[in-house]
Amino acid sequence: MANPLYRKHIISIADFSREELELVVDTAARLKRQPRNDLLAGRLIGSCFFEPSTRTRLSFETAVQRLGGSVIGFADGGNTSAKKGETLADSIKIIGSYTDAVVMRHPREGAARLASEFSAVPVINGGDGSNQHPTQTLLDLFTLRETQGTLENLTVAFVGDLKYGRTVHSLVQALSLFNARFYFVSPEQLAMPDYLCEELNERGIQYTLADSLDDVIPQVDILYMTRVQRERFDEAEFKKIQGQYILKAEMLKNARTNMKVLHPLPRVDEIEVAVDATPHAYYFEQAKNGVFARQALLSLVLNETV
Amino acid sequence: MEYTRTVEALKEGTVIDHIPAGQGLKILRLFRFADTGERVTVGLNLSSRHMGSKDIIKVENVALTAAQANELALFAPKATVNLISNFEVVKKHKLELPEAIEGIFACPNSNCISHTEPVESHFYVRPQGTDTKMKCKYCEKVFSKDIVAEVR
(Lines give C-alpha, C1' and ligand atoms only; values in the text may rest on other atoms or scores of the structure.)
Protein backbone atom coordinates (compact mmCIF):
# COMPACT_ATOMS: atom_id res chain seq x y z
CA MET A 1 0.00 0.00 0.00
CA ALA A 2 1.28 3.47 -0.84
CA ASN A 3 2.37 5.69 2.04
CA PRO A 4 -0.31 8.31 2.91
CA LEU A 5 1.73 11.24 1.56
CA TYR A 6 2.38 9.68 -1.86
CA ARG A 7 1.50 12.20 -4.60
CA LYS A 8 -0.03 14.58 -2.05
CA HIS A 9 0.33 18.36 -2.11
CA ILE A 10 2.12 19.65 1.00
CA ILE A 11 0.51 23.01 1.70
CA SER A 12 -0.35 23.52 5.34
CA ILE A 13 0.61 21.82 8.58
CA ALA A 14 -3.10 21.71 9.46
CA ASP A 15 -3.57 19.16 6.62
CA PHE A 16 -1.35 16.61 8.43
CA SER A 17 -2.61 13.92 10.77
CA ARG A 18 -0.53 12.95 13.78
CA GLU A 19 0.46 9.71 12.03
CA GLU A 20 1.62 11.57 8.91
CA LEU A 21 3.78 13.92 11.00
CA GLU A 22 5.34 10.92 12.72
CA LEU A 23 5.95 9.24 9.36
CA VAL A 24 7.94 12.26 8.12
CA VAL A 25 9.91 12.45 11.37
CA ASP A 26 10.71 8.71 11.32
CA THR A 27 11.75 8.88 7.67
CA ALA A 28 13.98 11.91 8.32
CA ALA A 29 15.68 10.10 11.21
CA ARG A 30 16.31 7.08 9.00
CA LEU A 31 17.75 9.17 6.18
CA LYS A 32 20.03 11.01 8.60
CA ARG A 33 21.31 7.68 9.94
CA GLN A 34 21.53 5.91 6.59
CA PRO A 35 21.79 8.40 3.73
CA ARG A 36 20.26 7.34 0.38
CA ASN A 37 21.23 8.67 -3.02
CA ASP A 38 18.64 6.85 -5.11
CA LEU A 39 15.21 7.86 -3.84
CA LEU A 40 14.79 10.66 -6.40
CA ALA A 41 16.89 9.10 -9.18
CA GLY A 42 15.61 10.23 -12.57
CA ARG A 43 13.24 12.79 -11.00
CA LEU A 44 13.20 16.47 -11.88
CA ILE A 45 12.01 18.96 -9.26
CA GLY A 46 10.92 22.54 -10.02
CA SER A 47 12.32 24.96 -7.45
CA CYS A 48 10.20 28.09 -7.89
CA PHE A 49 11.11 30.91 -5.54
CA PHE A 50 8.97 33.91 -6.46
CA GLU A 51 10.48 35.49 -3.36
CA PRO A 52 14.14 35.14 -2.39
CA SER A 53 15.17 32.74 0.38
CA THR A 54 18.54 31.40 1.37
CA ARG A 55 18.12 28.52 3.75
CA THR A 56 14.86 27.08 2.51
CA ARG A 57 15.84 27.09 -1.16
CA LEU A 58 19.35 25.77 -0.62
CA SER A 59 18.24 23.03 1.74
CA PHE A 60 15.49 21.90 -0.65
CA GLU A 61 17.91 21.85 -3.56
CA THR A 62 20.50 20.04 -1.44
CA ALA A 63 17.86 17.50 -0.42
CA VAL A 64 16.90 16.81 -4.05
CA GLN A 65 20.48 16.42 -5.24
CA ARG A 66 21.57 14.26 -2.29
CA LEU A 67 18.69 11.90 -3.15
CA GLY A 68 19.89 11.64 -6.76
CA GLY A 69 17.30 13.97 -8.32
CA SER A 70 17.85 17.14 -10.32
CA VAL A 71 16.49 20.66 -10.02
CA ILE A 72 15.34 23.37 -12.40
CA GLY A 73 13.94 26.70 -11.34
CA PHE A 74 14.55 30.24 -10.28
CA ALA A 75 15.61 32.01 -7.10
CA ASP A 76 13.77 35.29 -7.61
CA GLY A 77 10.38 36.01 -9.20
CA GLY A 78 11.80 39.15 -10.82
CA ASN A 79 13.18 37.18 -13.76
CA THR A 80 10.08 35.15 -14.55
CA SER A 81 6.98 35.61 -16.68
CA ALA A 82 5.16 36.62 -13.48
CA LYS A 83 6.86 39.96 -14.05
CA LYS A 84 5.15 40.14 -17.47
CA GLY A 85 1.79 39.67 -15.82
CA GLU A 86 1.30 35.92 -16.16
CA THR A 87 -0.93 34.47 -13.46
CA LEU A 88 0.54 32.06 -10.95
CA ALA A 89 -2.10 29.57 -12.11
CA ASP A 90 -0.69 29.59 -15.67
CA SER A 91 2.96 29.53 -14.54
CA ILE A 92 2.39 26.50 -12.33
CA LYS A 93 0.41 24.63 -15.00
CA ILE A 94 3.44 24.91 -17.31
CA ILE A 95 6.14 24.21 -14.71
CA GLY A 96 4.11 21.24 -13.44
CA SER A 97 4.07 19.83 -16.97
CA TYR A 98 7.91 19.88 -17.07
CA THR A 99 8.62 18.41 -13.64
CA ASP A 100 7.74 15.63 -11.18
CA ALA A 101 7.04 18.00 -8.28
CA VAL A 102 7.15 21.74 -7.62
CA VAL A 103 8.67 23.34 -4.53
CA MET A 104 7.57 26.96 -4.28
CA ARG A 105 7.81 30.09 -2.18
CA HIS A 106 5.63 33.10 -2.91
CA PRO A 107 5.08 36.48 -1.22
CA ARG A 108 1.27 36.16 -1.20
CA GLU A 109 -0.69 34.15 1.34
CA GLY A 110 -2.54 31.20 -0.18
CA ALA A 111 -0.25 30.95 -3.23
CA ALA A 112 0.68 27.31 -2.63
CA ARG A 113 -2.95 26.19 -2.11
CA LEU A 114 -3.90 27.96 -5.29
CA ALA A 115 -0.97 26.43 -7.20
CA SER A 116 -2.01 22.96 -6.04
CA GLU A 117 -5.36 23.46 -7.79
CA PHE A 118 -3.66 24.06 -11.12
CA SER A 119 -0.70 21.67 -10.95
CA ALA A 120 -0.75 18.13 -12.28
CA VAL A 121 2.15 17.21 -9.97
CA PRO A 122 2.54 17.60 -6.19
CA VAL A 123 3.19 21.13 -4.92
CA ILE A 124 5.30 21.58 -1.81
CA ASN A 125 4.90 24.88 0.02
CA GLY A 126 8.22 26.51 0.91
CA GLY A 127 6.43 29.53 2.44
CA ASP A 128 3.42 31.60 1.29
CA GLY A 129 3.57 35.15 2.64
CA SER A 130 2.91 35.19 6.37
CA ASN A 131 0.74 32.09 6.18
CA GLN A 132 2.42 28.68 6.21
CA HIS A 133 5.88 27.16 6.07
CA PRO A 134 5.16 23.48 6.70
CA THR A 135 8.66 22.14 6.04
CA GLN A 136 10.05 24.39 8.79
CA THR A 137 7.56 22.79 11.17
CA LEU A 138 8.54 19.30 10.00
CA LEU A 139 12.23 20.00 10.59
CA ASP A 140 11.40 21.47 14.00
CA LEU A 141 9.41 18.36 14.95
CA PHE A 142 12.23 16.15 13.74
CA THR A 143 14.69 18.14 15.86
CA LEU A 144 12.44 17.97 18.92
CA ARG A 145 12.14 14.20 18.59
CA GLU A 146 15.88 13.84 17.97
CA THR A 147 16.80 15.81 21.08
CA GLN A 148 14.06 14.59 23.45
CA GLY A 149 13.49 11.05 22.18
CA THR A 150 9.74 11.68 21.94
CA LEU A 151 7.17 14.21 20.75
CA GLU A 152 4.73 13.39 23.55
CA ASN A 153 4.09 15.64 26.56
CA LEU A 154 6.96 18.06 25.93
CA THR A 155 7.13 21.46 27.63
CA VAL A 156 8.07 24.12 25.12
CA ALA A 157 8.63 27.85 25.59
CA PHE A 158 8.29 30.19 22.60
CA VAL A 159 10.10 33.51 22.99
CA GLY A 160 10.04 36.78 21.05
CA ASP A 161 7.69 37.64 18.20
CA LEU A 162 4.74 35.31 18.66
CA LYS A 163 2.29 37.49 16.78
CA TYR A 164 3.73 37.49 13.28
CA GLY A 165 5.85 34.33 13.42
CA ARG A 166 4.26 31.72 11.14
CA THR A 167 6.95 29.26 12.31
CA VAL A 168 5.71 29.55 15.88
CA HIS A 169 2.02 29.28 14.95
CA SER A 170 2.48 26.12 12.88
CA LEU A 171 4.69 24.42 15.45
CA VAL A 172 2.22 25.19 18.25
CA GLN A 173 -0.60 23.68 16.16
CA ALA A 174 1.43 20.57 15.34
CA LEU A 175 2.61 20.03 18.93
CA SER A 176 -0.90 20.35 20.26
CA LEU A 177 -1.55 16.97 18.58
CA PHE A 178 1.07 15.56 20.96
CA ASN A 179 -0.26 16.99 24.23
CA ALA A 180 2.47 19.59 24.63
CA ARG A 181 2.51 22.24 27.37
CA PHE A 182 3.47 25.76 26.33
CA TYR A 183 4.97 28.94 27.76
CA PHE A 184 4.58 32.06 25.62
CA VAL A 185 7.14 34.79 26.42
CA SER A 186 6.73 37.97 24.41
CA PRO A 187 6.19 41.71 24.61
CA GLU A 188 2.49 42.50 24.83
CA GLN A 189 2.51 43.98 21.32
CA LEU A 190 3.81 40.69 19.88
CA ALA A 191 1.69 38.27 21.91
CA MET A 192 0.26 35.03 20.54
CA PRO A 193 -2.87 35.81 18.47
CA ASP A 194 -6.23 35.27 20.19
CA TYR A 195 -7.48 32.82 17.57
CA LEU A 196 -4.58 30.46 18.35
CA CYS A 197 -5.11 30.70 22.11
CA GLU A 198 -8.80 29.92 21.49
CA GLU A 199 -7.78 26.88 19.45
CA LEU A 200 -5.60 25.67 22.33
CA ASN A 201 -8.46 26.24 24.80
CA GLU A 202 -10.77 24.19 22.60
CA ARG A 203 -8.26 21.35 22.48
CA GLY A 204 -7.66 21.51 26.23
CA ILE A 205 -3.95 22.31 25.81
CA GLN A 206 -2.26 24.06 28.76
CA TYR A 207 -0.34 27.26 28.17
CA THR A 208 1.05 30.08 30.30
CA LEU A 209 1.74 33.65 29.22
CA ALA A 210 5.00 34.72 30.88
CA ASP A 211 7.04 37.94 31.05
CA SER A 212 10.34 36.68 32.30
CA LEU A 213 12.66 34.39 30.40
CA ASP A 214 14.56 33.58 33.63
CA ASP A 215 11.48 32.09 35.31
CA VAL A 216 10.63 29.93 32.32
CA ILE A 217 14.06 28.46 31.47
CA PRO A 218 14.18 25.89 34.33
CA GLN A 219 10.68 24.61 33.45
CA VAL A 220 11.09 23.59 29.82
CA ASP A 221 12.47 20.90 27.51
CA ILE A 222 12.74 23.26 24.55
CA LEU A 223 13.40 26.99 24.43
CA TYR A 224 12.31 28.17 20.97
CA MET A 225 13.73 31.64 20.35
CA THR A 226 12.59 34.02 17.59
CA ARG A 227 13.69 37.42 16.47
CA VAL A 228 11.92 40.56 17.70
CA GLN A 229 12.04 42.80 14.65
CA ARG A 230 13.10 46.36 15.28
CA GLU A 231 10.78 47.69 12.56
CA ARG A 232 7.71 46.59 14.54
CA PHE A 233 8.41 49.23 17.22
CA ASP A 234 9.33 52.86 17.51
CA GLU A 235 12.89 53.39 18.66
CA ALA A 236 12.14 54.25 22.33
CA GLU A 237 9.78 51.32 22.71
CA PHE A 238 12.27 48.95 21.12
CA LYS A 239 15.06 49.99 23.50
CA LYS A 240 12.77 49.31 26.45
CA ILE A 241 11.85 45.76 25.48
CA GLN A 242 14.97 44.74 23.57
CA GLY A 243 16.99 43.43 26.50
CA GLN A 244 14.18 41.29 27.90
CA TYR A 245 14.15 38.78 25.08
CA ILE A 246 17.87 38.18 24.63
CA LEU A 247 19.25 34.83 25.72
CA LYS A 248 22.63 34.94 27.50
CA ALA A 249 24.80 31.93 28.40
CA GLU A 250 24.61 32.54 32.17
CA MET A 251 20.79 32.39 32.04
CA LEU A 252 21.09 28.68 31.19
CA LYS A 253 22.69 27.58 34.48
CA ASN A 254 19.36 26.35 35.90
CA ALA A 255 18.19 24.72 32.69
CA ARG A 256 17.31 21.03 32.63
CA THR A 257 20.14 18.89 31.21
CA ASN A 258 17.96 17.77 28.30
CA MET A 259 16.92 21.35 27.46
CA LYS A 260 17.79 22.53 23.94
CA VAL A 261 17.65 26.01 22.48
CA LEU A 262 16.17 26.22 18.97
CA HIS A 263 15.79 29.14 16.55
CA PRO A 264 14.49 29.16 12.96
CA LEU A 265 17.42 31.47 12.02
CA PRO A 266 18.64 33.93 10.93
CA ARG A 267 19.45 35.18 14.41
CA VAL A 268 20.51 38.75 14.93
CA ASP A 269 21.22 39.47 18.59
CA GLU A 270 18.50 37.55 20.44
CA ILE A 271 20.89 34.69 21.21
CA GLU A 272 24.29 35.78 22.48
CA VAL A 273 27.16 34.11 20.62
CA ALA A 274 28.44 32.67 23.94
CA VAL A 275 25.33 30.44 24.03
CA ASP A 276 26.66 28.60 20.94
CA ALA A 277 29.32 26.88 23.07
CA THR A 278 26.88 25.57 25.69
CA PRO A 279 25.49 22.02 25.44
CA HIS A 280 22.01 23.55 25.11
CA ALA A 281 22.61 25.23 21.74
CA TYR A 282 21.04 23.18 18.96
CA TYR A 283 19.99 25.76 16.33
CA PHE A 284 22.73 25.01 13.84
CA GLU A 285 22.00 21.27 14.00
CA GLN A 286 18.33 22.23 13.60
CA ALA A 287 19.14 24.10 10.38
CA LYS A 288 21.12 21.07 9.16
CA ASN A 289 18.10 18.89 9.93
CA GLY A 290 16.18 20.95 7.37
CA VAL A 291 17.87 18.93 4.65
CA PHE A 292 16.84 15.58 6.20
CA ALA A 293 13.26 16.67 6.86
CA ARG A 294 12.94 17.88 3.25
CA GLN A 295 14.57 14.69 1.96
CA ALA A 296 12.00 12.70 3.93
CA LEU A 297 9.09 14.70 2.58
CA LEU A 298 10.24 14.60 -1.06
CA SER A 299 10.91 10.85 -0.80
CA LEU A 300 7.46 10.17 0.62
CA VAL A 301 5.66 12.37 -1.90
CA LEU A 302 7.46 10.85 -4.87
CA ASN A 303 7.74 7.17 -3.85
CA GLU A 304 4.95 4.76 -2.96
CA THR A 305 7.17 3.24 -0.31
CA VAL A 306 10.40 4.51 1.23
CA MET B 1 -61.03 48.03 10.75
CA GLU B 2 -59.50 48.95 7.43
CA TYR B 3 -56.50 46.82 6.51
CA THR B 4 -53.90 47.92 3.98
CA ARG B 5 -50.99 45.90 2.74
CA THR B 6 -47.66 47.60 3.13
CA VAL B 7 -46.18 45.47 0.37
CA GLU B 8 -48.17 44.23 -2.57
CA ALA B 9 -48.84 40.48 -2.89
CA LEU B 10 -46.57 38.52 -5.19
CA LYS B 11 -47.76 36.27 -8.01
CA GLU B 12 -44.52 34.38 -8.75
CA GLY B 13 -41.16 34.65 -6.99
CA THR B 14 -39.53 34.68 -3.56
CA VAL B 15 -40.41 36.47 -0.34
CA ILE B 16 -37.69 36.84 2.29
CA ASP B 17 -39.42 37.91 5.46
CA HIS B 18 -38.44 38.45 9.09
CA ILE B 19 -35.05 39.93 8.20
CA PRO B 20 -33.67 41.84 11.20
CA ALA B 21 -34.12 45.56 10.53
CA GLY B 22 -30.96 46.96 8.99
CA GLN B 23 -29.90 43.74 7.21
CA GLY B 24 -32.26 44.09 4.24
CA LEU B 25 -30.00 46.16 2.02
CA LYS B 26 -27.04 43.92 2.79
CA ILE B 27 -29.02 40.90 1.63
CA LEU B 28 -30.19 42.74 -1.45
CA ARG B 29 -26.55 43.31 -2.36
CA LEU B 30 -25.55 39.76 -1.39
CA PHE B 31 -27.84 38.18 -3.97
CA ARG B 32 -27.59 41.02 -6.51
CA PHE B 33 -31.37 41.04 -6.82
CA ALA B 34 -31.28 44.46 -8.42
CA ASP B 35 -29.26 43.01 -11.31
CA THR B 36 -31.93 40.44 -12.17
CA GLY B 37 -34.01 42.99 -14.04
CA GLU B 38 -37.06 41.69 -12.21
CA ARG B 39 -39.32 43.80 -10.02
CA VAL B 40 -37.93 43.90 -6.47
CA THR B 41 -39.90 45.32 -3.56
CA VAL B 42 -38.00 46.14 -0.41
CA GLY B 43 -39.55 47.11 2.89
CA LEU B 44 -37.34 48.53 5.61
CA ASN B 45 -38.22 49.03 9.28
CA LEU B 46 -41.69 47.54 8.95
CA SER B 47 -43.45 46.83 12.19
CA SER B 48 -43.44 43.22 13.29
CA ARG B 49 -45.33 41.63 16.14
CA HIS B 50 -42.46 39.31 17.06
CA MET B 51 -39.43 41.35 16.09
CA GLY B 52 -40.45 44.94 16.78
CA SER B 53 -39.22 46.00 13.38
CA LYS B 54 -38.08 44.01 10.40
CA ASP B 55 -37.06 44.22 6.76
CA ILE B 56 -38.68 42.30 3.92
CA ILE B 57 -37.65 41.60 0.30
CA LYS B 58 -39.91 40.37 -2.50
CA VAL B 59 -38.44 39.42 -5.84
CA GLU B 60 -40.65 38.56 -8.78
CA ASN B 61 -39.96 35.52 -10.96
CA VAL B 62 -36.81 34.51 -9.08
CA ALA B 63 -36.70 31.33 -6.99
CA LEU B 64 -34.03 31.39 -4.29
CA THR B 65 -32.09 28.11 -4.31
CA ALA B 66 -31.46 26.08 -1.15
CA ALA B 67 -27.76 27.02 -1.34
CA GLN B 68 -28.63 30.71 -1.51
CA ALA B 69 -31.01 30.31 1.40
CA ASN B 70 -28.15 28.88 3.43
CA GLU B 71 -25.96 31.86 2.56
CA LEU B 72 -28.77 34.00 3.87
CA ALA B 73 -28.41 32.18 7.19
CA LEU B 74 -25.16 34.11 7.74
CA PHE B 75 -26.99 37.43 8.13
CA ALA B 76 -30.52 36.53 9.06
CA PRO B 77 -30.65 33.05 10.56
CA LYS B 78 -34.27 33.55 11.60
CA ALA B 79 -35.52 34.91 8.27
CA THR B 80 -38.21 32.97 6.45
CA VAL B 81 -37.94 32.23 2.76
CA ASN B 82 -41.15 31.44 0.89
CA LEU B 83 -41.29 30.53 -2.78
CA ILE B 84 -44.53 31.77 -4.32
CA SER B 85 -46.39 30.44 -7.32
CA ASN B 86 -49.74 31.82 -8.39
CA PHE B 87 -50.04 33.78 -5.12
CA GLU B 88 -49.59 30.58 -3.06
CA VAL B 89 -46.61 29.53 -0.92
CA VAL B 90 -45.33 26.40 -2.67
CA LYS B 91 -42.10 25.90 -0.70
CA LYS B 92 -40.52 27.16 2.51
CA HIS B 93 -36.72 27.00 2.82
CA LYS B 94 -35.31 25.99 6.17
CA LEU B 95 -32.13 28.01 6.77
CA GLU B 96 -28.97 26.18 7.70
CA LEU B 97 -25.51 27.68 7.98
CA PRO B 98 -23.54 26.43 4.93
CA GLU B 99 -20.21 24.63 5.40
CA ALA B 100 -18.59 26.83 2.77
CA ILE B 101 -19.38 29.95 0.79
CA GLU B 102 -17.92 30.43 -2.66
CA GLY B 103 -17.55 33.45 -4.86
CA ILE B 104 -19.66 35.97 -2.97
CA PHE B 105 -17.29 37.85 -0.69
CA ALA B 106 -13.75 39.01 -1.37
CA CYS B 107 -11.13 37.96 1.17
CA PRO B 108 -10.47 40.84 3.60
CA ASN B 109 -6.74 40.01 3.54
CA SER B 110 -5.36 42.27 0.80
CA ASN B 111 -2.29 40.06 0.41
CA CYS B 112 -4.39 36.93 -0.26
CA ILE B 113 -3.61 35.28 -3.60
CA SER B 114 -7.33 35.01 -4.42
CA HIS B 115 -7.36 38.71 -5.37
CA THR B 116 -4.96 38.37 -8.29
CA GLU B 117 -5.71 34.93 -9.71
CA PRO B 118 -8.56 33.47 -11.77
CA VAL B 119 -10.35 31.82 -8.85
CA GLU B 120 -13.53 32.38 -6.85
CA SER B 121 -13.13 33.27 -3.20
CA HIS B 122 -13.89 30.38 -0.87
CA PHE B 123 -14.57 30.48 2.86
CA TYR B 124 -15.15 27.65 5.32
CA VAL B 125 -17.91 28.64 7.74
CA ARG B 126 -17.97 27.74 11.42
CA PRO B 127 -20.28 29.02 14.16
CA GLN B 128 -18.42 30.16 17.28
CA GLY B 129 -20.56 31.30 20.20
CA THR B 130 -22.76 34.13 18.97
CA ASP B 131 -20.43 34.87 16.06
CA THR B 132 -19.75 33.01 12.84
CA LYS B 133 -16.13 32.60 11.76
CA MET B 134 -15.10 32.40 8.13
CA LYS B 135 -11.73 30.92 7.14
CA CYS B 136 -10.33 31.67 3.70
CA LYS B 137 -9.40 28.46 1.87
CA TYR B 138 -6.35 30.15 0.35
CA CYS B 139 -4.70 32.43 2.91
CA GLU B 140 -6.15 30.44 5.87
CA LYS B 141 -6.90 33.65 7.77
CA VAL B 142 -9.99 33.51 9.99
CA PHE B 143 -12.44 36.42 10.08
CA SER B 144 -15.65 37.27 11.84
CA LYS B 145 -18.53 37.13 9.31
CA ASP B 146 -19.21 40.85 9.69
CA ILE B 147 -15.67 41.69 8.59
CA VAL B 148 -16.02 39.51 5.49
CA ALA B 149 -19.44 40.93 4.64
CA GLU B 150 -18.21 44.54 4.91
CA VAL B 151 -15.57 44.04 2.27
CA ARG B 152 -17.78 43.25 -0.64
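The values are calculated or read from the model by the stated rules, or taken from the named source; none is laboratory data. All of these numbers come straight from a predicted model, not from anything done at the bench. Quick reminder, even Gly has a Cβ in these numbers, built from the backbone with ideal geometry, and neighbours come from all protein chains shown.
The residues of the range A:52-67 that are closer than 15 Å to A:A296 by Cβ and among the hydrophobic types (A, V, I, L, M, F, W, C), listed by number, are A:F60, A:A63, A:V64, A:L67. Only residues that are surrounded by fewer than 23 Cβ atoms within 10 Å (Cβ to Cβ), of a type in the set (G, A, S) and either touching a residue at least 40 places away in the same chain (Cβ under 8 Å) or within 14 Å of another protein chain (Cβ to nearest Cβ) (or both) were counted across the range A:98-126, and they come to 1.
For the range A:181-288, the strands (runs of 3 or more DSSP E) that sit wholly inside it and include 1 or more residues that are more than 19 Å from A:T167 (Cα to Cα) are A:207-210.
Is it fair to say A:V172 is surrounded by 13 or more Cβ atoms within 10 Å (Cβ to Cβ) and at pLDDT 95 or above?
Yes: the conditions hold for A:V172.
Restricted to the range B:124-139, and to residues that are in a loop (DSSP other than H, G, I, E, B) and exposed (fewer than 13 other Cβ atoms within 10 Å of the Cβ), which residue is farthest from the chain's Cα centre (by Cα)? Within the range B:124-139, the match that is farthest from the chain's Cα centre (by Cα) is B:G129.
Tell me, please, whether a residue that is within 11 Å of another protein chain (Cβ to nearest Cβ), part of a loop (DSSP other than H, G, I, E, B), under 19 Å from B:K26 (Cβ atoms) and in contact (Cβ under 8 Å) with a residue 24 or more places away in the chain can be found in the range B:101-113. Within the range B:101-113 (the criterion being within 11 Å of another protein chain (Cβ to nearest Cβ), part of a loop (DSSP other than H, G, I, E, B), under 19 Å from B:K26 (Cβ atoms) and in contact (Cβ under 8 Å) with a residue 24 or more places away in the chain), the answer is yes, since at least one residue qualifies. Take the residues of the range A:132-146 that are buried (at least 24 other Cβ atoms within 10 Å of the Cβ) and out of contact with any helix residue (DSSP H, G or I) (no Cβ under 6 Å at 6 or more places or on another chain): which is farthest from A:G165 (Cα to Cα)? Residue satisfying both the conditions and the ranking: A:L144.
Quickly run through the range B:96-117 and pick out the residues that are more than 17 Å from the chain's Cα centre (by Cα) and either surrounded by 13 or more Cβ atoms within 10 Å (Cβ to Cβ) or at pLDDT below 95 (or both).
B:C107, B:P108, B:N109, B:N111, B:C112, B:I113, B:S114, B:H115, B:T116, B:E117
Beta carbons closer than 8 Å, at least 6 apart along the sequence or on distinct chains, pair a first residue in the range A:179-201 that is within 14 Å of chain B (Cβ to nearest Cβ) with a second that is of a type in the set (V, I, T) for A:Y195/B:V142; A:L196/A:V172. Scanning the range A:49-83 for residues that are out of contact with any Leu (no Cβ under 9 Å at 6 or more places or on another chain) and within 14 Å of chain B (Cβ to nearest Cβ) yields A:E51, A:G77, A:K83. Return a yes/no flag: does the range A:88-95 have any residue that is within 21 Å of the chain's Cα centre (by Cα), surrounded by 22 or more Cβ atoms within 10 Å (Cβ to Cβ) and within 9 Å of another protein chain (Cβ to nearest Cβ). The answer is no, given that none of the residues of the range A:88-95 is within 21 Å of the chain's Cα centre (by Cα), surrounded by 22 or more Cβ atoms within 10 Å (Cβ to Cβ) and within 9 Å of another protein chain (Cβ to nearest Cβ).
Within the range A:225-237, is there a residue that is surrounded by fewer than 18 Cβ atoms within 10 Å (Cβ to Cβ), within 14 Å of another protein chain (Cβ to nearest Cβ) and aromatic (F, W, Y)? No. Within the option set A:L213, A:L177, being surrounded by fewer than 21 Cβ atoms within 10 Å (Cβ to Cβ), at pLDDT below 95 and of a type in the set (A, V, I, L, M, F, W, C) holds for one residue only, A:L213. I'd like the full set of residues that are over 20 Å from A:T143 (Cα atoms) and under 20 Å from the mean Cα position of the chain (by Cα), limited to the range A:1-44. Within the range A:1-44, A:L5, A:K8, A:H9, A:I11, A:D15 qualify.
Among A:R166, A:R113, A:R181, which is out of contact with any Phe, Trp or Tyr (no Cβ under 9 Å at 6 or more places or on another chain) and basic (K, R)? Matching residue, one of A:R166, A:R113, A:R181: A:R166.
Checking each residue in the range B:16-47 for being among the small types (G, A, S) and not in a loop (DSSP other than H, G, I, E, B) picks out B:G24, B:A34, B:G43, B:S47. A Cβ distance below 6 Å, combined with a sequence gap of six or more or placement on separate chains, defines the contacts here; from the range B:130-152, residues that are more than 7 Å from chain A (Cβ to nearest Cβ) reach residues that are of a type in the set (K, R) in the pairs B:T132/B:K145; B:K133/B:R126; B:M134/B:K145. Would you confirm whether any residue within the range A:53-62 is over 22 Å from A:T147 (Cβ atoms), touching a Ser or Thr at 6+ places or on another chain (Cβ under 8 Å) and loosely packed, with under 15 Cβ neighbours inside 10 Å? Checking the range A:53-62: not a single residue is over 22 Å from A:T147 (Cβ atoms), touching a Ser or Thr at 6+ places or on another chain (Cβ under 8 Å) and loosely packed, with under 15 Cβ neighbours inside 10 Å. Can you find a residue in the range A:130-139 that is within 14 Å of chain B (Cβ to nearest Cβ), on the phi < 0 side of the Ramachandran plot and among the aliphatic types (A, V, I, L, M)? No, the range A:130-139 contains no residue that is within 14 Å of chain B (Cβ to nearest Cβ), on the phi < 0 side of the Ramachandran plot and among the aliphatic types (A, V, I, L, M).
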